[in-house]
Amino acid sequence: MLQILIVYSFLKQFSAPIKVVLDDFSKNPSCQHGPTVLLQRTNGKGDLQDQFYACTASRDGKCSLEVQKPPTAENIISNRRTYIKSSNPVDTKEPTRHLAPLSFDGEEAQYFFTNRALSCFESIFTQIGITKVLCIGAPRLHEHLLQKTSIDSMLLDIDDRFHDFYSNRHFIHYNMFNHFFFRGKCDEEMFERYLKHVEPSSRICIFTDPPFGCRTELLANTIQTINQMYNHINSFVQQVLPTFWIFPYFMETYIRQEMPSMEMADYQVNYTNHEKYREGSKAIKNGSPVRMFTNVPLGMIRLPTGEGYKYCQKCDKSVLKSNSHCSICKACTSKNGAPYKHCSKCHICVKTNYVHCGKCGRCAQVEGHNCQQYKRMVSCRICLGRGHVEKGCSFWKRYGISRMFQVGCAVCGGKAHILRDCAKRKVLTKEVYFLGKYHNEINEPI
């Protein structure tokens, strides 16, 4: 039995860890945004403290339990005529260029891609032979594809204003965080028809531009559900749809934790109406931190050279011109758009404004660096546990190793690999990799 039963914001920040329970949502209580999600709050030891239901769409915790009725066909036609007849008519073919973006940060904030970004996405689809796109929360891309390309598109979005401009062949009122169809079976059947593989040359992909504060577990679960539906409808066996997920680079860990096959491309995504993440913005020194994550091999994608990108033959992918290839790490290592430097003590590349701290055993920013606070947050590169560095790890005593190498790999002294990739460390700790996560007998007994 639940200790607490409330509809609350799943995006709200809590001091204690919050676990998303990804069971059958249809069994959960519902709000106006569809089935809620069960969240569990645990203490530092992983013990359950309490659990509660949360709205998957509202961030302010003010979602109503009253279920709204879907618009009728008569309402949609009437509203579309109203737009056309108004003294300042909206272009019904490109609604996002005229409708005011929703700006309720608690629920439906909207940001629209620049023309350069749209052209880049179109080019990528063409390069890999995409003929149909599921645009989840990406209305500007949806209208671009329909109006300026031969690529078909279906928009799935929580903004029901698009009912006034598209039939349900091209728009479905949808909640991406619980796979909820607001208009019920009618839209769900239309969605299934769109997934149907009709022509041999047809190739469909998923493209999503979610709120940056979202729980990645929920969206990853939705993407997995769509893949399962696609395979079931077409009688395929484990085919995975090409997927593109727009998200900040500093959220890479969260995406890869849920979808290990996703890799981050170097393309910097800009918006027309975002205060910081737009072309020419001086708010961020190295340009937009928003990137494109995809399960498509990056070697199949070429980014526009005229916008500051180059092809790295050693990495076999397009990268920013400022992203230099490190001969030691054997990769183009920059994440934020600025050059990185290699630290011989950390054995990884770091930001150029970082310096190595002997007390922490890590590279960190000079200004505002507090060793005690940093140590509490840092993750050990040996056991992967949090709250200590390699010198203070139980690894040494546990496996009877008396010496920690100061040069090269801390465990074996090798200089051809970093500590994380040390074969000796992996064998001793019995480390395994499963579903995007590393497990070993020190930080998580196997």
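The values are calculated or read from the model by the stated rules, or taken from the named source; none is laboratory data. Please read all numbers here as calculations on a predicted model, not as lab measurements. As a convention, Cβ positions derive from the backbone with ideal geometry for all residues, glycine included, and neighbour counts pool all protein chains shown. SASA here: full protein model, heavy atoms, side chains in, ligands and nucleic acids out. Shrake-Rupley method; radii C 1.70, N 1.55, O 1.52, S 1.80 Å.
Pull out a ≥ b ≥ c, the square roots of the eigenvalues of the alpha-carbon gyration tensor of the range 160-229, then state rounded if a/c is under 1.5, prolate if not and a/b is larger than b/c, and oblate in the remaining case. Mind showing how you got there, number by number?
Values: a/c = 1.72, a/b = 1.15, b/c = 1.49.
Cα axes put the range 160-229 in the oblate bin.
Tally Lys and Arg at +1 and Asp and Glu at -1 over the other residues with C-beta under 11 Å from the C-beta of residue 332: what net charge comes out? Show your work: numbers first, answer last.
On the way: positive: 310, 314, 317, 321, 330, 335; negative: 266, 316.
Within the 11 Å Cβ shell, the charges total +4.
Please report the orientation-averaged projected area of the range 303-446, defined via the convex hull of its C-alpha atoms, in nm². Provide the component values of the computation, followed by the final result.
Details: hull surface 40.9 nm².
For the range 303-446, the mean projected area of the Cα convex hull comes to 10.2 nm².
So which of 282/335; 276/335; 351/375; 397/424; 285/345; 375/397 end up more than 22 Å apart, counting from Cα to Cα? Before the final figure, lay out the partial values.
Numbers: 282/335 19 Å; 276/335 18 Å; 351/375 19 Å; 397/424 16 Å; 285/345 27 Å; 375/397 20 Å.
From 282/335; 276/335; 351/375; 397/424; 285/345; 375/397, over 22 Å: 285/345.
For a quick check of your reading of the filter: which chymotrypsin sites (Phe, Trp or Tyr not before Pro) in the range 192-281 sit in a DSSP loop and have no more than 14 other Cβ atoms within 10 Å?
Working: sites: 194, 207, 212, 230, 236, 244, 245, 249, 250, 254, 267, 271, 277; in loops: 212, 236, 267, 277.
Filter output for the range 192-281: 236.
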Check your understanding: Under the classification rounded if a/c is under 1.5, otherwise prolate if a/b is larger than b/c and oblate if not, where does the range 121-183 fall, given a ≥ b ≥ c as square roots of the Cα gyration tensor eigenvalues?
Key -> prolate
Check your understanding: Using the alpha-carbon centroid of each, what span in Å lies between the range 358-376 and the range 205-226?
Key -> 34
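Got a number for carbon plus sulfur as a percent of the range 285-417's accessible area, 1.4 Å probe?
On the way: 3800 of 7450 Å².
The computed percentage sits at 51.
DSSP loop trypsin sites (Lys or Arg not before Pro) in the range 317-401 with at most 15 other Cβ atoms within 10 Å of their Cβ, which ones?
Values: sites: 317, 321, 330, 335, 341, 345, 351, 359, 362, 375, 376, 381, 386, 391, 397, 398; in loops: 321, 330, 335, 345, 359, 381.
Sparse-neighbourhood loop trypsin sites (Lys or Arg not before Pro): 321, 330, 345, 359.
What does the charge count near residue 193 come to, summing +1 for each Lys or Arg and -1 for each Asp or Glu among other residues with Cβ under 13 Å from its Cβ?
On the way: positive: 132, 169, 185, 196; negative: 152, 187, 188, 189, 192.
Summing Lys and Arg as +1 and Asp and Glu as -1 gives -1.
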Point to revise | Heavy-atom surface of the range 334-445, accessible at 1.4 Å and reported per residue (Å²) | key: 61
Review point. So, in Å, what gap is there between the alpha-carbon centers of the range 170-184 and the range 244-282?
Key: 24
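Counting heavy atoms of the protein chains only and a 1.4 Å probe, report the per residue accessible area for the range 106-256 as a whole number of Å².
Numbers: 5640 Å² over 151 residues.
Per-residue value: 37 Å².
At 25 °C and a viscosity of 0.890 mPa s, what translational diffusion coefficient does Stokes-Einstein give for the range 165-292, taking Rh as the Kirkwood radius over Cα pairs? Give it in µm²/s as a whole number.
148
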Review point. From the phi of every residue in the range 382-392, what ³J(HN,Hα) in whole Hz does the Karplus formula 6.51 cos²θ - 1.76 cosθ + 1.60 yield, where θ is phi - 60° and glycine or proline is x?
Key: 9, 9, 6, x, 9, x, 7, 9, 4, 4, x
Study note, to complete from the structure: Karplus ³J(HN,Hα) for the range 203-220 (6.51 cos²θ - 1.76 cosθ + 1.60, θ = phi - 60°; Hz, whole; x = Gly/Pro) runs 9, 10, 9, 9, 10, 9, 10, x, x, 5, x, 6, 7, 5, 4, 5, 5, 4
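Apply the a/c threshold of 1.5 to the C-alpha gyration tensor of the range 262-388 and tell me whether it is rounded, prolate or oblate. Don't skip to the answer; put the middle values down first.
Values: a/c = 2.07, a/b = 1.49, b/c = 1.39.
The shape class here is prolate.
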